[in-house]
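Notes for the one structure printed next.
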Amino acid sequence: MAATETPIPTVQATAKHVHISPRKARLVTDHIRGRSVPEARTILAFTQRAAAIEVEKVLRSAVANAESNPALHWDGDQLVVAAAYVDEGPTIKRWRARARGRVARIKKRTCHITIQVAQRAAPAAPASEEKPKKRRATRKSTEKKES
């Protein structure tokens, strides 16, 4: 029988129907996944992609959700981005007139941005001091001893 682990409590925020291509938004969310919230905010502030603005709004919302949850009382600076992912939303289809009576399809893609934050893991207890390992004798060190 496998041991069951207690799930880590997380708080999430989601922005739906954002008018950015999911592929472009994923490039930004990949940079902040697994980082602390202050570090993620700094990265988003200096990222020059339009999706960074939308991702930062969702991150701020997730932190506000965690701070205002009465059951948790988490500090925003002690949080980590546990998960950040972008799902595809509905695609708005438009038409553009082309030459000789033809039509070209324009796909205006949307996405759903979700960010989950969790509390930073407590630092591990210091390990007991280990004995230094003995160095193996190399060929050069044995030749020096012989002469």
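The values are calculated or read from the model by the stated rules, or taken from the named source; none is laboratory data. Everything numeric in this text was worked out from a predicted model, so none of it was measured. Ideal geometry is used to build each Cβ from the backbone, glycine not excepted, and the neighbour counts take in all protein chains shown.
Residue pairs whose Cβ atoms lie under 8 Å apart, separated by 6 or more positions or on different chains, with the first residue in segment 43-56 and touching a residue at least 60 places away in the same chain (Cβ under 8 Å) and the second outside any loop (DSSP other than H, G, I, E, B), are Val55/Ala25; Val55/Val28; Val55/Thr29; Val55/Ile32; Val55/Leu44; Val55/Ala84; Val55/Ile113; Val55/Ile115. Ala45 passes every criterion in (1) surrounded by fewer than 20 Cβ atoms within 10 Å (Cβ to Cβ); (2) within 14 Å of the chain's Cα centre (by Cα) apart from (2). Candidates Ala25, Ala71: the one that is out of contact with any Leu (no Cβ under 6 Å at 6 or more places or on another chain), more than 12 Å from Val117 (Cα to Cα) and at pLDDT below 95 is Ala71.
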